[in-house]
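Accompanying notes for the structure given below.
The values are calculated or read from the model by the stated rules, or taken from the named source; none is laboratory data. Remember, it's a predicted structure, so these values are computed and weren't measured experimentally. Backbone-built Cβ (ideal geometry, glycine too); neighbour counts: all protein chains shown. The protein model used for the area step is the full one, side chains on, heavy atoms only, and it has no ligands, DNA or RNA in it. Shrake-Rupley method; radii C 1.70, N 1.55, O 1.52, S 1.80 Å.
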Amino acid sequence: MSTTPVTAPMSVLEQASIGAPITRAGVTLFPIYLSQELPASLLTACPGSLKIVEAESESVPTLSVTSLIDQPFLLLEGETLSGGLQQRTLNVSVLIAAGTRVDIPVSCVESGRWGGSRSFDGTSGHVSRRVRRAKSESVSESLRRGGNKRSNQGAVWDSVGFELHRLKIDSKTANFAASDLVFSADQGSGDSSHVSLAQAARDLVARGPLPGQCGVVVAHGSRVVAAEILGSAELLAAQWPHMVRAHILDAPEKVVGRPSASRALRFVRRLALGGATEAPGVGLGVERHVKTTRLVGQILNWEESMIHASGFALAA
């Protein structure tokens, strides 16, 4: 593990370009484009590609993942894993080599259950920005202080509880996955705010990412709140429905100001250049855990290519 300075070499993220935004339910998505070629074909969000089970010790912060395919598979920071003894989310992005087994660091997003099957059904969505921010901030601190990739589980549970309360979702086990109820709302039933969010998500999912688009910068009015960028358009397309729903769940109650492309690009470049703690990836590649006064985030690189980057504004 090493700590890198604030200045860093030119990277694919620094050279990212931006397109015209689209806004729904107060959430603005700026499309992001990269100029790079990945060293190999990667899979993500492909059912049946992995076997995921509880670790032998059946502990909260670790799961065991075995690849069942003959090419690398990408699991994303913030993806949720359903089943097992409780719902989990990945602490870091993991690029799993073909046919290998790895133990992955995870956080619980279902505080009221510890029981059920040892196996998982696979990935089932993304947790929201606040949950990922709380998780990434504490993982960065754990890595810097102790060399491990554990989160502050209490802070993650607090953020899950906040989101369920804000969305008026009742879950007996405090499971973040219950937020999916928002997207089953229609014109004839449910909370009116849920109907609005469901319609916005359906519209954006149906539109799909634009040709060549690799990621998004997310703004609420003039405030940039997050960025999520994958290494290729194909990887983004596979994650698009889950990504859109997670960002729509985060829709603000009040929008102030107008979205700005220049602010969006500055956010991406701060993520690329911010002071970072560097560590070997859980699977393939190298992780950069970025923490500045303005944002926290992670970047997974592999063989000179950027595979996945996520960043979250620290203010509000």
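Brief remarks on what is shown
- Rounded to the nearest 20 debye, the dipole size of the stretch 269-316 about its Cα centre is 340 debye, using +1 on the Cβ of Lys and Arg and -1 on the Cβ of Asp and Glu.
- Within the stretch 205-297, GluC sites (Glu not before Pro) in DSSP loop having at most 14 other beta-carbon neighbours inside 10 Å: Glu253
- Residue (of Pro61, Gln71, Leu34) at the positive-pole extreme of the chain, dipole from beta-carbon charges: Leu34
- Residue among Pro241, Pro31, Pro39 with the largest mean-square fluctuation in a Gaussian network model of the chain, springs linking Cα atoms under 10 Å: Pro39
- Point-charge dipole on Cβ atoms (K/R +1, D/E -1) for the chain, about Cα centre, debye to 20: 1000
- Normalised alpha carbon radius of gyration of the chain [divisor 2.2 N^0.38 Å]: 0.93
- Net charge contributed by nearby residues that have their C-beta within less than 10 Å of Val182 (K/R +1, D/E -1): 0
- With every protein chain in place, the chain: carbon and sulfur % of accessible area (1.4 Å): 52
- The Asp158 and Glu303 beta-carbon pair, evaluated with R₀ = 51 Å, returns a calculated FRET efficiency of approximately 0.85.
- Here is the list for the stretch 176-285: trypsin sites (Lys or Arg not before Pro) lying in DSSP coil, each with at most 12 other C-beta atoms within 10 angstrom of its C-beta, are Lys254.
- On a per residue basis, the stretch 4-155 carries 40 Å² of accessible surface, using protein heavy atoms and a 1.4 Å probe.
- Calculated mean residue ellipticity at 222 nm for the chain: -8000 deg cm²/dmol, from DSSP H runs with n ≥ 4 weighted as -39500 (n - 2.57), summed, divided by the residue count and rounded to 500.
- Compactness ratio for the stretch 122-271: Cα radius of gyration over 2.2 N^0.38 Å (N = residue count) comes to 1.11.
- Cα centroids of the stretch 42-63 and the stretch 150-191: 23 Å apart.
- Only Cα sites of the stretch 96-190 enter the Debye sum here, all with the same form factor; the resulting log10 I(q)/I(0) across q = 0.10 1/Å is -0.34, listed in q order.
- Anisotropy class of the stretch 276-316 from Cα gyration tensor, a/c 1.5 cut: prolate
- Dipole check for the stretch 103-228: with +1 at the C-beta of Lys and Arg, -1 at the C-beta of Asp and Glu, and the Cα centre as origin, the magnitude is about 440 Debye.
- Among Gly147, Gly99, His220 - extreme Cα towards positive end, dipole of the chain, charges at beta-carbon: His220
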